[in-house]
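Below is one structure, written out as structure tokens, with a few remarks after it.
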């Protein structure tokens, strides 16, 4: 992965954290539930880069989100990393992607991320997460994540693509006939 791609992904993490903690936490809620942009971005990056890089990206994104939550540090990092790894594995099994893959992966990632967050949080002593309201929140957030995936997937594709001089042939050499 090139420096430019890493820079783009770092800027995306920053943008997601800012949007999550300002715009979506204050006003853009659906039925009182906000989406989990960090999970959607992790899903999109894992879809484009695979399981290992998806897990690493999910961990970093989750850790950045954890800095703004009142839950144990690392809870989002762990759940995002597991979701990123899982989506990367699922992506490897897809025969031919369709235009509906983004919302399906967004919903799947949102559901898995929410269930992991609640489950691991309960194991870490956050019993309040085991409320019946958590099911409602996870389902609505997953639907919201699926809708946002339409916008996030193209952005992640842009951020993860290699520079033009590395697309074909040897890095820095342009096209090569082999």
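The values are calculated or read from the model by the stated rules, or taken from the named source; none is laboratory data. What you see is a predicted model, and the numbers here were worked out from it, not measured in a lab. For neighbour counting, all protein chains shown are included, and Cβ atoms are generated from backbone atoms with ideal geometry for every residue, glycine included.
Here are a few things to note about the model shown:
- Residue 73 vs. criteria outside any helix (DSSP H, G or I) and free of Cβ contacts under 8 Å to residues at least 60 places away in the same chain: yes
- Per the listing 125, 92, the residue uniquely in a loop (DSSP other than H, G, I, E, B), touching a residue at least 12 places away in the same chain (Cβ under 8 Å), surrounded by fewer than 16 Cβ atoms within 10 Å (Cβ to Cβ) and over 13 Å from the mean Cα position of the chain (by Cα) is 125.
- Output for the range 25-47, where each listed residue is part of a helix (DSSP H, G or I) and surrounded by fewer than 18 Cβ atoms within 10 Å (Cβ to Cβ): 25, 26
- Criterion (modelled with pLDDT of 95 or more and touching a helix residue (DSSP H, G or I) at 6+ places or on another chain (Cβ under 8 Å)) met by exactly one of 74, 84, 121, 88: 84
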